[in-house]
Amino acid sequence: MTRKFTPAGTGGLVLEEKLLWEKGRKGRSAMSLVKSEVPVTALPEEICGNGPDWPDLSEQEVARHYTRLSTWNFGVDTGMYPLGSCTMKYNPKINEAMAALPGFAKAHPLLPAEACQGSMRLIYELERFLAEIVGLKAASLQPAAGAHGELCGMLMIAAWHRNNEKSGAPRKTKVLIPDTAHGTNPATATMSGFTEVKVPLGPKGYIELAQIERLMQDDVAGLMVTNPNTLGLFEQELADIIAMVHERGGLVYADGANLNAVMGYVDLGRMGVDVVHYNLHKTMSTPHGGGGPGAGPVAVSATLEPFLPGPRVIKNGDRYEWQTDLPLSIGRLHSFHGQFGVAVKAYSYILSMGQDLKKASALAVLNANYIKEKLKGAFDLPFDQPCMHECVFTDAKQRANKVSTLDIAKRLIDLGYHPPTVYFPLVVNSAIMVEPTETESKEDLDAFIAAMLEVAREAEETPETLHAAPTLTKVRRMDETTAARKPVLTGDMKVEGKQ
Ligand SMILES: *Cc1c(COP(=O)(O)O)cnc(C)c1O
């Protein structure tokens with residue numbers, strides 16, 4: 001590929017960057033080793049291959065290369081990232097600093113209890129904080145992600161039923177899952193040995209008691225429900241639904257990925273939820289996206305407490321100890337103690353926020369409703385009612401001009417925004433799902449609204465602008481079908497001589 005001339009200086013965002021192999025000079029190095037005091041001995045030839053073709057670079061060349069590449073990314077530290085159902089909110093840097101404290105970051109996971117009382121106290125207290133925020137009895141920090149927390153919860157529900165079957169309760173083989181569920185829910189139910197039974201949504205976007213009453217048969221282990229649901233709506237009949245599930249011998253799993261909307265407001269314990277998972281990488285100050293690590297702790301009611309993973313931290317006087325004698329526990333789900341660094345950030349976040357956790361949720365909901373009201377004239381809003389932390393539009397108004405959700409998303413990139421979630425949830429045709437989060441100021445929200453209105457105007461006046469978007473990025477619109485069906489996963493770009 002021939003490259004256009006790039007000036008040697010760095011005038012702002014540099015979108016041309018040579019490959020590492022095209023930089024440097026033979027013999028250049030980023031380190032200097034102490035001169036050897038012993039004679040050099042050649043290795044036997046049979047154990048020497050050609051070796052990898054590493055580029056020869058100075059430390060500065062490497063630092064600049066990767067720092068430049070990092071400016072090609074869009075992150076929540078660069079701008080607004082309104083990805084619905086994912087809570088891409090800004091994470092205060094103080095919590096990173098706390099996780100990096102050597103006493104936490106360098107504690108070896110095999111330290112005996114007497115040498116890591118502080119870390120054990122953090123585990124003990126964070127479990128209590130998390131349980132308290134949703135009104136449940138106990139928690140475990142072991143699961144490493146949301147889906148892992150779901151697995152933990154469903155394994156506990158399965159274990160509870162198996163325990164009851166010993167005393168004659170009917171065999172449970174199915175789980176009810178609403179249409180709006182995240183794809184991980186049916187996957188988890190299946191992995192836990194259950195068959196999924198779909199619960200259709202009512203006309204207003206909620207699940208309805210009548211459906212649960214119809215579906216909640218003797219062989220159903222319970223319900224997996226996301227609240228607020230993935231349309232950003234608070235399930236209106238949930239308390240009655242949960243009572244119905246319990247009455248028919250089932251348990252209720254709450255997918256808590258959308259906790260950011262309801263921290264301190266919803267008492268899941270009083271609503272009757274038996275187990276919930278948290279996404280610490282959505283709600284509790286761990287950066288989200290880019291491959292982790294995250295964490296998906298669970299909290300449970302008294303019914304499921306004996307089934308929690310072990311070992312657990314208990315407090316004996318003022319000492320913290322490991323409890324390993326847990327006869328009903330589903331066992332260990334993670335090496336050592338889960339994603340401990342993520343737990344430190346959540347602990348620091350909760351302590352630094354205090355009562356303001358409630359305010360964060362209130363602002364997240366206010367911001368989503370503000371965007372919904374300001375944009376509903378320009379974009380189709382299939383469920384026009386107060387929303388929680390996110391709102392769902394579609395491209396129905398733009399379709400007449402042959403402008404799709406994908407075009408709208410791509411054009412937003414040109415206007416400086418990460419696109420919202422698109423084509424999810426599936427219950428809405430061509431969804432555009434916006435979650436602004438609490439950390440965006442009114443000016444930021446107004447700027448995003450202005451960009452969306454600009455896109456709506458372009459869809460009317462110059463739809464070709466949207467069809468061509470993005471035009472201001474390093475890489476233009478990709479062939480997403482081919483990328484998904486025939487991914488090129490090799491890093492061997494040098495051989496091809498391609499960028
Ligand atoms: C993100 C999310 C999950 C899965 O969480 P991971 O940490 O990605 O495994 C599950 N349910 C809902 C509603 C989510 O938004």
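Select, from Leu375, Leu326, the only residue that is over 18 Å from the mean Cα position of the chain (by Cα) and more than 30 Å from Ser430 (Cβ to Cβ). Even if it seems obvious, please write down each step before you answer.
Details: Leu375 fails: more than 30 Å from Ser430 (Cβ to Cβ).
Answer to the selection: Leu326.
Taking region 137-187 as the region of interest, how many residues are closer than 25 Å to Ile314 by Cα and within 16 Å of the ligand (Cβ to nearest atom)?
Of the residues in that region, 15 qualify.
For region 358-388, what are the residues that are out of contact with any helix residue (DSSP H, G or I) (no Cβ under 7 Å at 6 or more places or on another chain) and either part of a loop (DSSP other than H, G, I, E, B) or more than 20 Å from Tyr206 (Cα to Cα) (or both)? Spell out how you get there, then give the answer.
Initially, region 358-388 is screened for residues out of contact with any helix residue (DSSP H, G or I) (no Cβ under 7 Å at 6 or more places or on another chain), giving 358-359, 362-363, 366, 368-369, 372-373, 376-377, 380, 382-385.
The answer is Lys358, Lys359, Ala362, Leu363, Leu366, Glu373, Lys376, Gly377, Pro382, Phe383, Asp384, Gln385.
Output the residues belonging to region 5-48 that are open to solvent by 70 Å² or more (accessible area, probe 1.4 Å) and modelled with pLDDT under 85. Reasoning before the result, please.
Of the residues in region 5-48, the ones open to solvent by 70 Å² or more (accessible area, probe 1.4 Å) are 5, 7-8, 10-11, 13, 18, 21-22, 25-26, 28, 31-43, 45-47.
Correct list: Phe5, Pro7, Ala8, Thr10, Gly11, Leu13.
Could you run through region 55-82 and say how many residues are closer than 15 Å to Lys18 by Cα and either in the same structural domain as Thr473 (by TED's automatic domain parsing) or open to solvent by 90 Å² or more (accessible area, probe 1.4 Å) (or both)?
Residues that pass the stated criteria total 3.
Specify which of the listed residues (His161, His148) is under 23 Å from the mean Cα position of the chain (by Cα) and surrounded by 15 or more Cβ atoms within 10 Å (Cβ to Cβ).
On the way: His161 fails: under 23 Å from the mean Cα position of the chain (by Cα).
His148 is the lone residue from the list that is under 23 Å from the mean Cα position of the chain (by Cα) and surrounded by 15 or more Cβ atoms within 10 Å (Cβ to Cβ).
Of all the strands (runs of 3 or more DSSP E) wholly in region 262-341, which have at least 2 residues that are out of contact with any Leu (no Cβ under 8 Å at 6 or more places or on another chain) and either within 16 Å of the ligand (Cβ to nearest atom) or farther than 21 Å from Glu438 by Cβ (or both)? Lay out the reasoning, then the answer.
Numbers: elements: 275-277, 298-300, 312-316, 319-323.
The strands (runs of 3 or more DSSP E) meeting that bar are 312-316, 319-323.
Regarding Val220, is this residue in contact with a Lys or Arg (Cβ under 6 Å, 6 or more places away or on another chain) and either open to solvent by less than 60 Å² (accessible area, probe 1.4 Å) or within 19 Å of Glu247 (Cβ to Cβ) (or both)? Give the derivation first.
On the way: in contact with a Lys or Arg (Cβ under 6 Å, 6 or more places away or on another chain): yes; either open to solvent by less than 60 Å² (accessible area, probe 1.4 Å) or within 19 Å of Glu247 (Cβ to Cβ) (or both): yes.
Yes; evaluated as a whole, the condition is true for this residue.
The values are calculated or read from the model by the stated rules, or taken from the named source; none is laboratory data. Quick caveat: nothing in here was measured; it's all calculated off a predicted structure. Methodologically, a virtual Cβ is constructed for each residue, glycine included, from the backbone with ideal geometry; neighbour enumeration extends over all protein chains shown. For the accessible areas, the whole protein counts, side chains as well, though only heavy atoms, and no ligand, DNA or RNA atoms are used. Shrake-Rupley method; radii C 1.70, N 1.55, O 1.52, S 1.80 Å.
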